[in-house]
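Please read the structure below before turning to the comments.
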Amino acid sequence: MRGLATFLVVASSALAGTTDDAISDARYREYGETFSAYTCRIVGMQTDGRPAVATCVLIAPEWALTAAHVVDDMTSCHVLASDGNAHRVDRMFPHQAYTGRFAFNDIALVHVEKPFTLAKYPPLTDGTEQIGGVAVAVGYGVTGPISSGWTHGDVQIRAGTQRLDATEGTVYVCRITRDSVLPIAIGPGDSGGPTFGIDSQGRTVLIGVNSYIARNGSGLPRSAVGEESGHTRVALYREWIKRIAGVE
């Protein structure tokens, strides 16, 4: 795990995910579309007047999960659903233990005035996913070749695979490599988006919230091979989610 100086907050610079140069980008976009009903953009204004764009995941008719750093400095925001509707966020709940510290408690709940109308929402993990298992990261952030890093944003949803390499603090750490089935690395704008995994019953469940990318040495992380990403572990916050949103 890298130090605080290499932490990249990826909410404010977004217009998803760097992808393997040897694989058609259409495959990533098509895979992303399978998650698009409940993976949404979240857009808002920061206290300094700058716009912010990131990702969130719907978990109930009036609730979405995102990263705490996405909403911590927002004065207003909306969730843009796949049906084209903008749902005004009327309450934001960054986790009470979030302080901006690297890899700790970067998770938030947002409540919308107008309910979402999905027939089904992704189930939350019970914590039985395993280190070494395959995970799927989804988001609307910047893209580019994973070999050299992100180059541009196009507001397209993408999804791809990573491996859960370790846990540290409250995150899963995923090394950025090209050795999974559909290699991807989260980038600016993917913050708050979902990370899915497989539980002990073989179910696809929501195991993480995209949080950060980091690299060795100096310079700006680029979501390139050799760096790493962090994904807040949803299992650690099940009781908090239940207490605030009533979602189990």
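Between THR204, THR167, THR177, the distinction of being over 12 Å from the mean Cα position of the chain (by Cα), closer than 22 Å to ASP21 by Cβ and hydroxyl-bearing (Ser, Thr, Tyr) belongs to THR177 only.
Pull up region 25-54, narrow it to residues that are in a loop (DSSP other than H, G, I, E, B) and of a type in the set (D, E, K, R), then point me to the one that is surrounded by the fewest Cβ atoms within 10 Å (Cβ to Cβ). Spell out the reasoning first.
Of all residues in region 25-54, those in a loop (DSSP other than H, G, I, E, B) come to 34-38, 47-50.
Then keep just the ones that are of a type in the set (D, E, K, R); that gives 48, 50.
Values: ASP48: 8, ARG50: 11.
Top of the filtered list is ASP48.
Residues in region 85-104: is at least one more than 23 Å from SER229 (Cβ to Cβ), among the acidic types (Asp, Glu), in a loop (DSSP other than H, G, I, E, B) and out of contact with any helix residue (DSSP H, G or I) (no Cβ under 8 Å at 6 or more places or on another chain)? No.
Pairs are defined by a Cβ separation below 7 Å, a sequence spacing of at least 6 or placement on different chains, a first member in region 93-110 that is at positive phi and crowded, with 17+ Cβ neighbours inside 10 Å, and a second member that is assigned to a loop (DSSP other than H, G, I, E, B) and at pLDDT 95 or above; the pairs so defined are ALA103/GLY169; ALA103/THR170; ASN105/HIS95; ASN105/ALA97; ASN105/TYR98; ASN105/THR170.
Among the residues making up region 170-179, those that are farther than 19 Å from LEU206 by Cβ and in a loop (DSSP other than H, G, I, E, B) are ILE176, THR177, ARG178, ASP179. I'm trying to understand the selection: among the residues of region 137-175, which are surrounded by fewer than 24 Cβ atoms within 10 Å (Cβ to Cβ), of a type in the set (A, V, I, L, M, F, W, C) and under 15 Å from SER229 (Cα atoms)? Correct list: LEU164, ALA166, VAL173.
Mind listing whichever residues of region 65-85 are out of contact with any His (no Cβ under 7 Å at 6 or more places or on another chain) and surrounded by fewer than 21 Cβ atoms within 10 Å (Cβ to Cβ)? Of everything in region 65-85, those that are out of contact with any His (no Cβ under 7 Å at 6 or more places or on another chain) and surrounded by fewer than 21 Cβ atoms within 10 Å (Cβ to Cβ) turn out to be ASP72, ASP73, THR75, SER76, LEU80, SER82, ASP83, GLY84, ASN85.
Would you call THR128 part of a loop (DSSP other than H, G, I, E, B), open to solvent by 10 Å² or more (accessible area, probe 1.4 Å) and over 18 Å from GLY226 (Cβ atoms)? Spelling it out, THR128 is indeed part of a loop (DSSP other than H, G, I, E, B), open to solvent by 10 Å² or more (accessible area, probe 1.4 Å) and over 18 Å from GLY226 (Cβ atoms).
All conditions but one from (1) more than 25 Å from GLY246 (Cα to Cα); (2) open to solvent by 30 Å² or more (accessible area, probe 1.4 Å) apply to THR18; the one that does not is (2).
Just to be sure before I move on: is TYR237 in a strand (DSSP E or B) and surrounded by 15 or more Cβ atoms within 10 Å (Cβ to Cβ) in the structure I sent?
Here the answer is no, as TYR237 does not meet what is asked.
The values are calculated or read from the model by the stated rules, or taken from the named source; none is laboratory data. None of these values were measured; they are calculated from a predicted model. Because the Cβ atoms are built from the backbone with ideal geometry, glycine has one as well, and the counts that use them run over all protein chains shown. Accessible surface areas use protein heavy atoms only, side chains included; no ligands, DNA or RNA. Shrake-Rupley method; radii C 1.70, N 1.55, O 1.52, S 1.80 Å.
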